[in-house]
Amino acid sequence: MTIKRISLVLAGVFWGISLYAQEPTYTSPQGIEFILIKPGSMLVGKFQPTVNRGGMGSFGGPPPGAQAGVAPAPQPAPVRLPEADYQLAEKLAQKDAMPGFTVTLPNPYYIGKFEVTQEQWKKVMGSNPSTFQGSKVKDDADRHPVESITWRDAQAFVKKLNALDKAHTYRLPTEFEWEYAARAGAQDDISWNDIRASAVIATQTTSAVGTKKPNAWGLYDTLGNVWEWVQDWYNEKIFADPTPPKSGKEHVLKGAPFYGDVKNATYLTHAGGPGSKYDVGFRLLMEVK
């Protein structure tokens, strides 16, 4: 074996030791729980619109309200558009289609198991800006995500937390770090059934963190409850760019709010701030040393 090959093998061994020596979870002195995310890749920004040629008014199953043993009510015949309209729609769909691009996360990192809570915010900042506290919630507000947070507020929290815990480095995740962790290995968009099982949506207030099903890597509320600030500037587009902009008017929001619906609560959503104040919080990243 050549010296060069030995060096590469040893480098791989040491890299493996460095990666797998990390504990799978960590809890900060302030009670913020983190989960280790290992390196990997994902496809971002893929958009493949389709055209439904079934005709308006057609159904893929029994008509709404159908009951066993009861003759269904007459349904209107499917409405077919002129063939030229379908051809134009397919042409426009092909024009708007985007192949996406591969993003590789080469380094491991820890990310918050939950969104930062009101209790954790108070421990660090000594105050609570949240709208949904006190009589506005029916349970323990301390377990609800902190909200009514600007991006600068989140940065102030990060700065103070780093001063309190000098043994670790905390920050907001980048959009790609956030999305990679939220997807938890999924290559396609999340199904509506999985959204309903895991996302706090279609409610009038935030909920305590961790009340719904976690994703495959053990993270809770990546969808629903509150929008989450990430580090990146918003590019004013419906999808992220391979290289995030170095400046902008607002920063990116990921996830979805508690009042959102199943159609929009997806980890692929690339939104821009500032949100509606009471629906914005954040999740922390802790760097691996």
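The values are calculated or read from the model by the stated rules, or taken from the named source; none is laboratory data. Please read these numbers as outputs of a predicted model, since none were measured by experiment. Backbone-built Cβ (ideal geometry, glycine too); neighbour counts: all protein chains shown.
Taken over region 221-250, the residue count meeting the criterion of being under 22 Å from residue 111 (Cα atoms), surrounded by fewer than 22 Cβ atoms within 10 Å (Cβ to Cβ) and either touching a helix residue (DSSP H, G or I) at 6+ places or on another chain (Cβ under 8 Å) or among the acidic types (Asp, Glu) (or both) is 2. Scanning region 192-204 for residues that are surrounded by fewer than 18 Cβ atoms within 10 Å (Cβ to Cβ) and either closer than 11 Å to residue 258 by Cα or not small (Gly, Ala, Ser) (or both) yields a total of 7. Within region 56-66, not a single residue is surrounded by 11 or more Cβ atoms within 10 Å (Cβ to Cβ), modelled with pLDDT of 70 or more and assigned to a loop (DSSP other than H, G, I, E, B). Could you list, in sequence order, all residues of region 253-289 that are part of a loop (DSSP other than H, G, I, E, B) and β-branched (Val, Ile, Thr)? Matches in region 253-289: 262, 266, 269, 288.
Of all residues in region 132-156, those satisfying the criterion of being surrounded by fewer than 16 Cβ atoms within 10 Å (Cβ to Cβ) and either closer than 25 Å to residue 234 by Cα or of a type in the set (Val, Ile, Thr) (or both) are 152, 156. Considering region 107-224, the qualifying helices (runs of 4 or more DSSP H), each wholly inside and each with 2 or more residues that are more than 20 Å from residue 37 (Cβ to Cβ) and charged (D, E, K, R), run over 118-125, 151-164.
Inspect all residues belonging to region 264-278 and state whether any of them is modelled with pLDDT of 95 or more, farther than 18 Å from residue 222 by Cβ and aliphatic (A, V, I, L, M). There is no residue in region 264-278 that is modelled with pLDDT of 95 or more, farther than 18 Å from residue 222 by Cβ and aliphatic (A, V, I, L, M).
In region 31-55, of all residues being crowded, with 17+ Cβ neighbours inside 10 Å and assigned to a loop (DSSP other than H, G, I, E, B), the one that is modelled with the lowest pLDDT corresponds to 45.
Listed conditions (1) modelled with pLDDT of 95 or more; (2) at positive phi are all met by residue 100, apart from (1). Inspect region 253-275 for any residue being more than 15 Å from the chain's Cα centre (by Cα), surrounded by fewer than 19 Cβ atoms within 10 Å (Cβ to Cβ) and over 26 Å from residue 97 (Cα atoms) and give the result as yes or no. The answer is yes, given that some residue of region 253-275 is more than 15 Å from the chain's Cα centre (by Cα), surrounded by fewer than 19 Cβ atoms within 10 Å (Cβ to Cβ) and over 26 Å from residue 97 (Cα atoms).
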